[in-house]
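A short worksheet on the structure shown next.
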Amino acid sequence: MNRPEFIITTAIILFVAFALGWFAHWLVHRFTRVRASDVGEFDRMSQELHEAEEARDRAITYHQQREAELTTQIGQTEAELRAAMEGLREARREAAELRARIERSDP
């Protein structure tokens, strides 16, 4: 291979490499390009996501407050139940004492 053939072969190889690189760049740019309408859509989606996160946070806070209220109510109800059961036991004991007294006093 003489010098002119070598130069032409090298030029053709470099041109093909340049064309392949340009084509690859065009393909990448074509598939990764973001349109203005997509940017608007992304903005809308991010706003909706932000609103959904705020709603979730409000729901979690409400749930925690409600759970605390219900826990307090359960504690109060259990205390009232214990007091009522103690009162019922006391009333049954007194009724039994009164029955026994009445039975002893009746001839």
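Some observations on this one:
- Qualifying residue in the range 29-37 (condition: in a helix (DSSP H, G or I) and either surrounded by 10 or more Cβ atoms within 10 Å (Cβ to Cβ) or under 23 Å from the mean Cα position of the chain (by Cα) (or both)): no
- Scanning the range 1-28 for residues that are surrounded by 10 or more Cβ atoms within 10 Å (Cβ to Cβ), more than 50 Å from the chain's Cα centre (by Cα) and not hydrophobic (A, V, I, L, M, F, W, C) yields THR9, THR10.
Computed from the coordinates by the stated procedures, all read-outs in this text should not be read as laboratory data. All figures in this text were calculated on a predicted structure; none of them were measured in a lab. Neighbour counts are summed over all protein chains in view; Cβ atoms, including those assigned to glycine, are modelled from backbone coordinates with ideal geometry.
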